[in-house]
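Asker: Before anything else, here's the structure in question.
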């Protein structure tokens, strides 16, 4: 979409003087935006708020800069009365980095929502910065728009306001009284909305909209696909157009959850800001058909053939009956490995038996097989592939492969979503083996913490752990995982010099969409660096997926418990298939160290140890502290565990329980 030429400021000012005050919207539609720190905010999340206030912010605007202190003072004053204060930036000349810099310089502590597409601001009929909008969550009606007060105007300020419009509005709402004046002319810097002057009815369905939907949506919304309806032509799209607008505005669709400002990922099906703007504007123009052929008319059912050719081995899962409706718990079937020799897997394909109900599939292998066990974690022990619509096949990174030892089993995590009709699924896994041994092993590990505990009604609980790399590594895939209370997740790489780089941010985590994120360019992790995984949990009643906000939530495999669980795939830079250097024991000890070291200072002190570890180490902790600094570094911790392992070997029968991994 092209922008119109910016009109001179003087012309815009004259136009604004003759414009009537914008009429209030009857209802404010839901939306989700990321703020200047990368945190997700959804308007309708604030159902328990007494009111939601939004001030329009813009970098460089003197009215805003002078109003920030008053606005934040009001936010503090009304915080205990349940009023939510936000800011929103819709300037085409501002971006997240510049907004963050402005916030740092001028002490903006409140979240500034970044409206890159200008769609939210357009829906509110925003004209100027510094205007405030007051929204009543009881019906989501806009009850006031205008200036915060009359203390600030163009090139003039008063010591104190004579009229406190925003405070008066909030006081009336909190008292249950009617708001006397719903709209006032605001002062502030005019915002350029180029798209307001464009003819959205001229957007071509045939040339623009249909190809966009075909490229990004029909992998699910096709006959027999997981989408609840198929995009088989204009009439279907037009009928669902209002719903398409809603899910785009709330970022529920397309289902891609990585922050677009951080990292580049293979298989990214998210819509660009320009595409979102074009699609929503076309819908708001009435979804006109226009001239030209319909590219969606030839959308075909997804083929059930093997896209990579006939596999070397096909594993068929046992039949599973999916009910017509309701919630189906995650299933964890395991199929014994039929091979008596080891193989290198270089590619894999998952073909669901019924694509209408198979939401996602995760596949791995394990050397141990217990037909009576059902463990969620087993799929990540030797991870192979994750299936989601549009990502049926996966080739291992160049020069690597996943080695599957003889025996054991292939482990699966199955997520089914009923769609109104009972059916039976028989998913198949196709494996492709390397004819020659690859150069290197594709390794897998997990950053975890089995000691997490989330307090009742805590809507912003964070847990973190890390995995330290003792030698140079190359990262290929990151996979954040939590359960129904998972709210947001990040992976950070802390370099040996202390510098921290955010590799992946999932600001609005959704348990219903399990996926790994494959780097477009593999990431080098030098020796001495740490991969830090953080997850924020929402155990409040505002989380609609929360099974029980009154419960203290522990670690657990079931979805009503929680996990800090960040899986990743990597290779050792100095390793090769004919010269393996991986030490599984050291890798598991690094995993332990990374969740016990709560303050992440590289030392374990006695107070950080969980009780079950204190009981085991009461005799040896001080002795293991070779340098006498009061804690154990990784080298001392490894030496202690090796001595304890040797002692156990000399005293058979004195076994211990495992860490839970």
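The values are calculated or read from the model by the stated rules, or taken from the named source; none is laboratory data. A quick note: this is a predicted structure, and the numbers were derived from the prediction, not measured. Because the Cβ atoms are built from the backbone with ideal geometry, glycine has one as well, and the counts that use them run over all protein chains shown.
Asker: Given the criterion out of contact with any helix residue (DSSP H, G or I) (no Cβ under 6 Å at 6 or more places or on another chain) and more than 24 Å from residue 216 (Cβ to Cβ), identify the matching residue among 379, 361, 350, 357. Explain how you work it out, then say what you get.
Answerer: Numbers: 361 fails: more than 24 Å from residue 216 (Cβ to Cβ); 350 fails: more than 24 Å from residue 216 (Cβ to Cβ); 357 fails: more than 24 Å from residue 216 (Cβ to Cβ).
Exactly one of 379, 361, 350, 357 is out of contact with any helix residue (DSSP H, G or I) (no Cβ under 6 Å at 6 or more places or on another chain) and more than 24 Å from residue 216 (Cβ to Cβ), namely 379.
Asker: Taking residue 354 as meeting all but one of (1) surrounded by 21 or more Cβ atoms within 10 Å (Cβ to Cβ); (2) touching a residue at least 60 places away in the same chain (Cβ under 8 Å), write down the number of the exception.
Answerer: It is condition (1) that residue 354 fails.
Asker: Mind checking which residues of segment 617-648 are under 15 Å from residue 593 (Cα atoms), surrounded by fewer than 16 Cβ atoms within 10 Å (Cβ to Cβ) and touching a helix residue (DSSP H, G or I) at 6+ places or on another chain (Cβ under 8 Å)?
Answerer: 639 - this is the single residue of segment 617-648 that is under 15 Å from residue 593 (Cα atoms), surrounded by fewer than 16 Cβ atoms within 10 Å (Cβ to Cβ) and touching a helix residue (DSSP H, G or I) at 6+ places or on another chain (Cβ under 8 Å).
Asker: Tally up the residues in segment 447-462 that are in contact with a helix residue (DSSP H, G or I) (Cβ under 9 Å, 6 or more places away or on another chain) and farther than 20 Å from residue 263 by Cα, please. Steps first, please.
Answerer: Restricting attention to segment 447-462, the residues satisfying the condition of being in contact with a helix residue (DSSP H, G or I) (Cβ under 9 Å, 6 or more places away or on another chain) are 447-452.
Subset that is farther than 20 Å from residue 263 by Cα: 448-452.
Result for segment 447-462: 5.
Asker: Next question, about the same structure. Just name the residue that is surrounded by the most Cβ atoms within 10 Å (Cβ to Cβ) out of those in segment 105-121 that are out of contact with any helix residue (DSSP H, G or I) (no Cβ under 8 Å at 6 or more places or on another chain) and assigned to a helix (DSSP H, G or I).
Answerer: We begin by selecting, within segment 105-121, every residue out of contact with any helix residue (DSSP H, G or I) (no Cβ under 8 Å at 6 or more places or on another chain); these are 105, 111, 121.
Next cut, assigned to a helix (DSSP H, G or I) only: 105, 121.
Numbers: 105: 10, 121: 20.
If we take residues in segment 105-121 being out of contact with any helix residue (DSSP H, G or I) (no Cβ under 8 Å at 6 or more places or on another chain) and assigned to a helix (DSSP H, G or I), then 121 is surrounded by the most Cβ atoms within 10 Å (Cβ to Cβ).
Asker: Cβ-Cβ below 7 Å, separation at least six or inter-chain, first residue in segment 161-174 and over 17 Å from residue 55 (Cβ atoms), second at pLDDT 95 or above and part of a helix (DSSP H, G or I): which pairs?
Answerer: Every condition considered, the pairs that remain are 174/81.
Asker: Here's something else I'd like to know. Inspect all residues belonging to segment 571-589 and state whether any of them is under 19 Å from residue 454 (Cβ atoms), modelled with pLDDT of 95 or more and assigned by the TED database to the domain that holds residue 478. Reasoning before the result, please.
Answerer: Keep residues of segment 571-589 that are under 19 Å from residue 454 (Cβ atoms), which gives none.
No, the conditions are met nowhere in segment 571-589.
Asker: Follow-up question, since we're still on this one. Filter segment 87-104 down to residues that are out of contact with any helix residue (DSSP H, G or I) (no Cβ under 9 Å at 6 or more places or on another chain) and either surrounded by fewer than 21 Cβ atoms within 10 Å (Cβ to Cβ) or at pLDDT below 95 (or both), then give me how many there are.
Answerer: Counting residues in segment 87-104 that are out of contact with any helix residue (DSSP H, G or I) (no Cβ under 9 Å at 6 or more places or on another chain) and either surrounded by fewer than 21 Cβ atoms within 10 Å (Cβ to Cβ) or at pLDDT below 95 (or both) gives 8.
Asker: Among the residues of segment 186-202 satisfying the criterion of being more than 31 Å from the chain's Cα centre (by Cα) and not in a loop (DSSP other than H, G, I, E, B), which is farthest from residue 55 (Cα to Cα)?
Answerer: So the residue we want is 202.
Asker: Looking at (1) more than 28 Å from residue 542 (Cα to Cα); (2) outside the structural domain of residue 573 (by the TED database); (3) touching a residue at least 40 places away in the same chain (Cβ under 8 Å), find the lone condition where residue 419 falls short.
Answerer: Against the list (1) more than 28 Å from residue 542 (Cα to Cα); (2) outside the structural domain of residue 573 (by the TED database); (3) touching a residue at least 40 places away in the same chain (Cβ under 8 Å), residue 419 comes up short only on (1).
Asker: Taking the stated definitions as given, is residue 386 crowded, with 19+ Cβ neighbours inside 10 Å and either assigned to a strand (DSSP E or B) or outside the structural domain of residue 479 (by the TED database) (or both)?
Answerer: Details: crowded, with 19+ Cβ neighbours inside 10 Å: yes; either assigned to a strand (DSSP E or B) or outside the structural domain of residue 479 (by the TED database) (or both): yes.
Against the criterion (crowded, with 19+ Cβ neighbours inside 10 Å and either assigned to a strand (DSSP E or B) or outside the structural domain of residue 479 (by the TED database) (or both)), residue 386 qualifies.
Asker: So, in segment 591-603, how many residues would count as being under 14 Å from residue 449 (Cβ atoms), surrounded by 12 or more Cβ atoms within 10 Å (Cβ to Cβ) and either free of Cβ contacts under 8 Å to residues at least 60 places away in the same chain or in contact with a strand residue (DSSP E or B) (Cβ under 8 Å, 6 or more places away or on another chain) (or both)? I'd like the intermediate steps shown before the answer.
Answerer: We begin by selecting, within segment 591-603, every residue under 14 Å from residue 449 (Cβ atoms); these are 591-600.
Cutting the leftovers down to surrounded by 12 or more Cβ atoms within 10 Å (Cβ to Cβ) gives us 591-598, 600.
Going one step further and asking which of them are either free of Cβ contacts under 8 Å to residues at least 60 places away in the same chain or in contact with a strand residue (DSSP E or B) (Cβ under 8 Å, 6 or more places away or on another chain) (or both), we end up with 591, 593-598, 600.
Number of matching residues: 8.
Asker: Could you tell me which numbered condition residue 41 fails, if it satisfies all but one of (1) over 16 Å from residue 113 (Cα atoms); (2) in a strand (DSSP E or B)?
Answerer: So residue 41 meets the others, but not (1).
Asker: When both residues are 6+ apart or on different chains and their Cβ atoms are under 6 Å apart, which pairs have a first residue that lies in segment 578-590 and is surrounded by 14 or more Cβ atoms within 10 Å (Cβ to Cβ), and a second that is part of a helix (DSSP H, G or I)?
Answerer: 589/638; 589/641
Asker: Here's a follow-up. Which count do you get for residues in segment 122-156 that are within 21 Å of residue 49 (Cβ to Cβ), under 32 Å from the mean Cα position of the chain (by Cα) and not in a loop (DSSP other than H, G, I, E, B)?
Answerer: 8
Asker: For segment 519-540: of the residues being within 17 Å of the chain's Cα centre (by Cα) and closer than 26 Å to residue 397 by Cβ, which is surrounded by the most Cβ atoms within 10 Å (Cβ to Cβ)?
Answerer: This residue is 533.
Asker: Touching a helix residue (DSSP H, G or I) at 6+ places or on another chain (Cβ under 8 Å) and modelled with pLDDT of 95 or more: does that describe residue 596? Working first, answer last.
Answerer: Values: touching a helix residue (DSSP H, G or I) at 6+ places or on another chain (Cβ under 8 Å): yes; modelled with pLDDT of 95 or more: yes.
For residue 596, the condition - touching a helix residue (DSSP H, G or I) at 6+ places or on another chain (Cβ under 8 Å) and modelled with pLDDT of 95 or more - is met.
Asker: Scan segment 389-407 for residues that are assigned to a loop (DSSP other than H, G, I, E, B), in contact (Cβ under 8 Å) with a residue 24 or more places away in the chain and either within 24 Å of the chain's Cα centre (by Cα) or closer than 14 Å to residue 347 by Cβ (or both) and jot them down. Full working, then the answer.
Answerer: Taking segment 389-407 as the starting set, the residues that turn out to be assigned to a loop (DSSP other than H, G, I, E, B) are 389-390, 392, 396-399, 405-407.
The next check asks that each one be in contact (Cβ under 8 Å) with a residue 24 or more places away in the chain; those that pass are 389-390, 392, 396-397, 399, 405-407.
Correct list: 389, 390, 392, 396, 397, 399.
Asker: If you take just the strands (runs of 3 or more DSSP E) that sit entirely in segment 312-369, which of them hold at least 2 residues that are assigned by the TED database to the domain that holds residue 408, under 15 Å from residue 411 (Cβ atoms) and modelled with pLDDT under 95? Write out each step before concluding.
Answerer: Values: elements: 313-316, 320-322, 334-336, 343-351, 358-366.
Result: 358-366.
Asker: Quick check on my filter: what residues within segment 205-214 are buried (at least 16 other Cβ atoms within 10 Å of the Cβ) and more than 12 Å from residue 275 (Cβ to Cβ)?
Answerer: Within segment 205-214, 205, 206, 210, 214 meet the criteria.
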